[in-house]
Amino acid sequence: MIAAKYALLLLLFLLFYVIAHTLLGALIRQRKARFRLHHVQSSQPIARISAFLRNHSGVYRHVKDMLESVESNVSMRALATMSGMLLCLGVLAGTLFFQSLKGVLIATFIGGSLPYLVLRLRQVGIRLQTRLEFLPAVEVFYQYYMVDPNKNMKLALKYCLEENRLLYPIKPVFEQLYRNLMTQRSTEESLRLFALTLGHGWADDFVGILRVALTEGIPVGDSLKQLIVDMRRAQRSDQLERNRLLEIRIANFTPIVFLFIFLSINFKVSPENAFQYYVVDPAGRNMILDALLLIFASFLMGIYLSMRRM
């Protein structure tokens, strides 16, 4: 019985290795072919499917906007490949370790959604870093905008960046906005990515002012001044809100730390009994499964609360 179990484990591991190796090999070959034969690749079925999803799928556009807002080097195809590999790994882990339908479903769900969760955590981290720097950046931009006799938004933004008046971590966000506005990207899409990166109400108000100035050509100096006055009044409450967001992020990681400490102590004190209970006994495996589910749910809740508070 034990030999058959280990044989099945080895077979499933080899199957996962073959699938992962095939997917990675196909991804590398496709990236090479894109640089050598771009006009051929554009007519391939995969490219057509990607183009269809890009034009008709809201989920595809949402994930693509998130990748661009955090300036990730990972492409949509690479993200989908990683999600597929982790999904297969979740099926493998649920089948071999938990040996139940509940374990397979939970492990598959966690593995398949893990890349998106990491992407969301990175986005929330950028929003936390740039939250307090947004007011000084708008003040600097307002100064350059009022000095310009033509009240040109793009020129004011250009001079802000060229003279290094905007500092890290807010500077890359404004640089991305300027690049998008100066290229073939539409104004609405550029402003949407800017608001998505910052992710708070003040950014939405600032984007609304920029939209009016860029599309209608109306001077918006008074609106910018009023926005700055309102943000200065709410600066203390913004600091308190940022502290709450940091507390939420710290609370997200505490269950993992406690689970690791708890298991480490048990395996240190009695490795045989711990292995027997947590690995061999179905009740122990089910307890580990419930703990992983609660930890994953706490991450989702932390991300949701962080985005609501912003």
Exercise for the section: Take the range 268-281 and flag every residue that is surrounded by 12 or more Cβ atoms within 10 Å (Cβ to Cβ) and assigned to a helix (DSSP H, G or I). Expected result: Ala274, Phe275, Gln276, Tyr277, Tyr278
Completion exercise
Reported set for the range 113-136 where residues are farther than 30 Å from Leu227 by Cα and touching a residue at least 24 places away in the same chain (Cβ under 8 Å) is Ser113, Leu114, Pro115, Tyr116, Leu117, Leu119
Handout entry: Residues within the range 168-227 that are surrounded by fewer than 17 Cβ atoms within 10 Å (Cβ to Cβ) and in a loop (DSSP other than H, G, I, E, B), tallied
Key = 9
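To keep it simple, each residue is scored yes or no on (1) surrounded by fewer than 19 Cβ atoms within 10 Å (Cβ to Cβ); (2) out of contact with any Phe, Trp or Tyr (no Cβ under 9 Å at 6 or more places or on another chain); (3) free of Cβ contacts under 8 Å to residues at least 60 places away in the same chain.
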residue	(1), (2), (3)
Phe97	yes, yes, no
Leu105	yes, yes, yes
Gly111	no, yes, yes
Val138	no, no, no
Val147	yes, no, yes
Lys158	yes, no, yes
Exercise for the section: Mind listing just one residue for me: the one in the range 54-94 that is assigned to a helix (DSSP H, G or I) and among the polar types (S, T, N, Q) and, of those, surrounded by the most Cβ atoms within 10 Å (Cβ to Cβ)? Expected result: Ser69
Completion exercise
Residues of the range 137-161 being charged (D, E, K, R), part of a helix (DSSP H, G or I) and over 15 Å from Gln226 (Cα atoms), in sequence order, are Lys154, Lys158
Problem - Subset of the range 233-267 [exposed (fewer than 12 other Cβ atoms within 10 Å of the Cβ), of a type in the set (A, V, I, L, M) and at pLDDT 75 or above] - result: Val257, Ile261, Ile265
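The values are calculated or read from the model by the stated rules, or taken from the named source; none is laboratory data. Just so you know, these numbers come straight off a predicted model, no measurement behind them. Neighbour counts run over all protein chains shown; Cβ positions are idealised from the backbone, glycine included.
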